[in-house]
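Enquirer: Below: one structure in structure tokens.
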There are 2 protein chains.
Amino acid sequence: MRIVLVDTNERLVQNWRNLMGNVSTARHSVLVMKGRLSILSGSQINKPAAVVSPGNSFGYLGGGFDLALREYFGGTKFEQYFREQLGDTYRTVGSTKVVPLNSWGRDGFEYIVYVPTVVAPSRPLFDAERPRETGFEPVFNAMWNALIHVPAGTQTLVIPGLCSGYAGVPLDISSKSMCFALRLYLIKNTISKDLQRVLILQFLGYNYAPFMDNDWEEECEAVGIDVRKLMKFDVANDSINEIMPII
Amino acid sequence: MRIVLVDTNERLVQNWRNLMGNVSTARHSVLVMKGRLSILSGSQINKPAAVVSPGNSFGYLGGGFDLALREYFGGTKFEQYFREQLGDTYRTVGSTKVVPLNSWGRDGFEYIVYVPTVVAPSRPLFDAERPRETGFEPVFNAMWNALIHVPAGTQTLVIPGLCSGYAGVPLDISSKSMCFALRLYLIKNTISKDLQRVLILQFLGYNYAPFMDNDWEEECEAVGIDVRKLMKFDVANDSINEIMPII
């Protein structure tokens with residue numbers, strides 16, 4: 001699968017480039033682009049393709065990237081279809097729903113992967129005094145959910161900056177969480193579930209020993225992760241390179 | 001379906017009684033009990049039954065009500081089964097997974113409805129300076145998800161106090177959110193989706209006009225909700241009776 005990270009914000013895109021480097025695997029590749037959804041073309045989008053909606057709990061597509069989705073796929077009539085597909089009901093932040101586009105699909109897109117990030121945009125999500133709980137964690141969750149719920153067989157997944165608009169998460173935090181989630185996703189089949197669990201716990205700042213009592217330390221050595229750096233990881237200040245395997 | 005609210009905490013149980021009163025509908029009834037999971041018997045549990053696990057993101061059952069579930073259904077071997085059913089992977093707070101008990105079932109219980117409320121119990125969820133974001137909203141979400149995801153045909157759903165243990169949400173907040181979610185669930189088929197949306201937005205404190213632009217005000221009058229009280233609702237101080245229909 002090709003994962004396309006696309007946004008109009010120059011700095012966010014540069015962060016992505018810095019954090020992702022040239023990483024790709026046998027099964028996945030990553031393309032980072034500056035621009036709008038509408039600039040993506042047949043050369044970047046292999047069908048069937050999916051695109052992430054980092055939406056609100058009621059499926060309205062009135063702002064930010066969601067508004068771009070609405071305009072791209074069919075305006076307010078499309079929004080009506082989208083909300084009907086979501087059951088016109090409250091969907092919690094942290095949930096995921098894959099919405100088939102059916103006849104609304106175009107240019108190879110067949111699905112929207114809906115991951116609500118706010119209940120409603122009446123106030124920002126981010127609180128500078130609680131960057132982990134209101135920045136790093138919700139962005140990691142939305143990114144992780146989008147990646148693991150994309151339908152099997154999807155050839156391209158398009159993802160914009162998450163929570164970086166009205167939700168107010170600073171670009172450095174959004175890009176860091178998105179890229180950690182993506183890099184972890186890219187290697188998830190090469191590391192044990194135990195190590196995956198420890199990496200997530202340490203990234204998010206839950207240094208909880210009872211959830212880390214397996215033999216992952218030897219595995220760290222085998223894949224080139226410094227255990228001491230992992231155990232002292234501070235998401236606000238440390239590079240994710242410190243806790244990623246040396247590929 | 002019968003919804004059984006059960007907890008060992010006297011005050012939480014009393015809060016539930018005060019907030020639920022004698023409410024029941026043609027399709028659902030509510031039973032409030034003080035005690036442990038193990039005191040529930042054939043007289044309260046009609047099969048097939050389900051019980052909520054307000055767990056952590058990795059499905060460990062090491063504390064609180066989850067520990068009671070582990071002991072009740074089969075100890076650490078059951079926990080191993082449970083975590084395998086969850087895919088031994090990270091599941092975001094805000095997600096839901098219905099886990100069939102299969103041969104681990106007993107006393108009529110056939111499902112656990114898993115709604116993770118914390119990533120790991122290394123720090124409390126609740127922050128007294130942000131009671132909406134860290135108290136009312138996560139509890140409402142977990143309760144709402146449990147109710148809407150319970151398998152069709154379930155006769156009894158057992159729910160403990162949510163987030164009121166190590167997650168640290170005060171009993172008054174937990175019980176208020178649980179009971180608002182439950183009372184809303186009980187009436188969801190008698191009010192429009194538009195009004196349901198407005199009630200949720202106002203309860204959670206997202207007074208966002210673009211999501212409230214339908215004709216729900218007339219409906220409020222018809223069901224006995226005071227529109228002005230609804231628009232000024234302050235979850236920290238106002239009674240949920242103020243924004244519930246007069247049944």
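Enquirer: Please report, for residue A:26, the nm distances (one decimal) from its label point, 7 Å out from Cα along the beta-carbon direction, to the equivalent points in the remaining copies, shortest first.
Expert: So the distances to the same position in the other copies read 6.0 nm.
Enquirer: Going highest first, how would you order B:195-202, B:86-93 by mean Cβ packing within 10 Å?
Expert: Averaged packing, sorted descending, gives the order B:195-202, B:86-93.
Enquirer: On to the next question. Between the label point of residue B:238 and that of the same position in each other copy, find the distances and list them shortest first in nm, with every label point placed 7 Å from Cα along the Cα-to-C-beta direction.
Expert: With the label placed 7 Å along Cα→Cβ, residue B:238 yields 4.6 nm.
Enquirer: Here's a follow-up. Could you calculate the FRET efficiency of residue B:28 with residue A:152 from 1/(1 + (r/R0)^6), where r is the beta carbon distance between them and R0 is 35 Å, rounded to 0.05?
Expert: Details: r = 37 Å, r/R0 = 1.06.
Plugging the Cβ-Cβ distance into 1/(1 + (r/R0)^6) gives 0.40.
Enquirer: Another question, if that's okay. Explain nothing, just the number: dipole magnitude of region A:86-236 about its Cα centre with +1 on each Lys and Arg Cβ and -1 on each Asp and Glu Cβ, in debye rounded to the nearest 20.
Expert: Here region A:86-236 has a charge dipole of around 420 debye.
Enquirer: Here's another thing I want to ask about it. Where the centroid of each part is defined by its Cα atoms, how far is region B:142-165 from region B:75-103 in Å?
Expert: Answer, in whole Å: 16.
Enquirer: To continue, here is another question. Would you mind pulling out the separation of the Cα centroids of region A:5-56 and region A:210-247, in Å?
Expert: The two parts, judged by their Cα centres, are 27 Å apart.
Enquirer: How far, in nm to one decimal, is residue A:46 from itself in the other copies if the label point is set 7 angstrom along Cα toward Cβ? Shortest first, please.
Expert: Once sorted, the set of distances for residue A:46 reads 5.4 nm.
Enquirer: Next question, about the same structure. Across the residues of A:85-93, average count of Cβ atoms on other protein chains within 10 Å?
Expert: That works out to 6 on average.
Enquirer: Please give the net charge around residue A:242, taking every other residue with its beta carbon less than 11 angstrom from that of residue A:242, where Lys and Arg add +1 and Asp and Glu add -1. Could you put the intermediate results ahead of the total?
Expert: Details: positive: A:228, A:229, A:232; negative: A:226, A:234, A:238.
For residues surrounding residue A:242, the net value is 0.
Enquirer: Excluding residue B:107 itself, calculate the net charge of residues whose Cβ lies under 14 Å from the Cβ of residue B:107, where each Lys or Arg counts +1 and each Asp or Glu counts -1.
Expert: Details: positive: B:36, B:47, B:106; negative: B:71, B:110.
Taking every other residue near residue B:107 into account, the sum is +1.
Enquirer: Sticking with this structure for a sec: In bins 10 Å wide, starting from 0, what share of all Cα pairs of chain B does each bin hold, as a percent?
Expert: Histogramming chain B at 10 Å steps yields 7, 32, 36, 19, 5, 0 percent.
Enquirer: With r defined as the distance between the Cβ atoms of residue B:227 and residue A:41 and R0 fixed at 56 Å, what FRET efficiency is calculated, to the nearest 0.05?
Expert: Once the sixth-power term is evaluated, E becomes 0.70.
Enquirer: For residue B:33, what charge total do you get from the other residues with a beta carbon under 11 Å from its beta carbon, if Lys and Arg give +1 and Asp and Glu give -1? Don't skip to the answer; put the middle values down first.
Expert: Working: positive: B:17, B:34, B:36; negative: B:7.
Here the charged neighbours net out to +2.
Enquirer: Shielding by partners for B:127-134, please: the mean number of other protein chain Cβ atoms within 10 Å of each residue's Cβ. Could the numbers behind the result be given before it?
Expert: Values: counts 4, 0, 3, 5, 0, 1, 7, 3.
For peptide B:127-134, the averaged partner shielding equals 3.
Enquirer: By Cβ position, which chain A residue lies least far from the axis that rotates chain A onto chain B, and what is the distance to the nearest whole angstrom?
Expert: Of all Cβ atoms in chain A, the one nearest the axis gives A:94, 1.
Enquirer: Round to the nearest 0.05 the FRET efficiency obtained for residue A:193 and residue A:129 when R0 = 41 Å and r is the Cβ-Cβ distance.
Expert: For residue A:193 and residue A:129, the calculated efficiency is 0.75.
Enquirer: Which whole number gives the average, over all residues in A:210-217, of C-beta atoms from other chains lying within 10 Å of the residue C-beta?
Expert: Working: counts 7, 9, 1, 0, 0, 0, 0, 0.
Counting other chains' Cβ atoms within 10 Å and averaging over A:210-217 gives 2.
Enquirer: Starting from the Cα of residue B:77, draw a straight line to each of the aspartates and glutamates and keep only those under 19 Å, dropping any in the same chain fewer than 8 residues away.
Expert: Within the straight-line cut-off, residue B:77 pairs with A:194, A:213, B:66, B:88, B:107, B:110.
Bear in mind that the values in this text are calculations on the coordinates, not laboratory data. Remember, it's a predicted structure, so these values are computed and weren't measured experimentally. For neighbour counting, all protein chains shown are included, and Cβ atoms are generated from backbone atoms with ideal geometry for every residue, glycine included.
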